[in-house]
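Written below as structure tokens is the structure these notes are about.
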Amino acid sequence: MERYDPETVHDAFPKGAWQRPAACGPNNANCVEVNLGAEGKVGLRDTKLPGSPVLVFDDEEWVAFLSSVRSGQFHR
């Protein structure tokens, strides 16, 4: 697992490539943004805090994460 400096990790992702789900709506409540713009990396951050820490996944980790989410592993 590669480590990233929380102060500079934003620089690894193109600023205009952050995307949020349409379900977020205009108020951005309880949503995340995803950035697929860096080769081999996926960034995930809080929509309400653009300067918030970025979770960084490599492609294999991202696929595993999405699979877990889809299967309901993180459902409360």
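The values are calculated or read from the model by the stated rules, or taken from the named source; none is laboratory data. Just so it is clear, the structure is predicted and the values come from calculations on it, not from any experiment. Reconstructed Cβ throughout: ideal geometry from the backbone, glycine too, with neighbour counts over all protein chains shown. Note: accessible area is taken over every heavy atom of the protein model, side chains too, but ligands, DNA and RNA are not part of it. Shrake-Rupley method; radii C 1.70, N 1.55, O 1.52, S 1.80 Å.
Things to note:
- Note that the chain carries a Kirkwood radius of 13.2 Å, evaluated over its alpha carbons pair by pair.
- Heavy-atom surface of the chain, accessible at 1.4 Å and reported per residue (Å²): 74
- Summing Cβ point charges (Lys, Arg +1; Asp, Glu -1) relative to the Cα centre of the chain gives a dipole of roughly 480 debye.
- Taking a Cβ cut-off of under 9 Å around residue 34, the surrounding Lys, Arg, Asp and Glu residues balance to a net charge of +1, with basic ones at +1 and acidic ones at -1.
- Across region 38-45, computed HN-Hα scalar couplings (Karplus, 6.51 cos²θ - 1.76 cosθ + 1.60, θ = phi - 60°) run 9, 4, x, 9, 10, x, 9, 8 Hz from first to last residue, x flagging Gly and Pro.
- Per-residue surface analysis assigns residue 44 an accessible area of about 20 Å², computed on protein heavy atoms at 1.4 Å probe radius.
- Dipole of the chain [Lys/Arg +1, Asp/Glu -1 at C-beta], most positive-end residue of 23, 9, 51: 23
- Estimated 222 nm signal from helices in the chain, with DSSP H stretches of n ≥ 4 weighted -39500 (n - 2.57), rounded to 500: -5000 deg cm²/dmol
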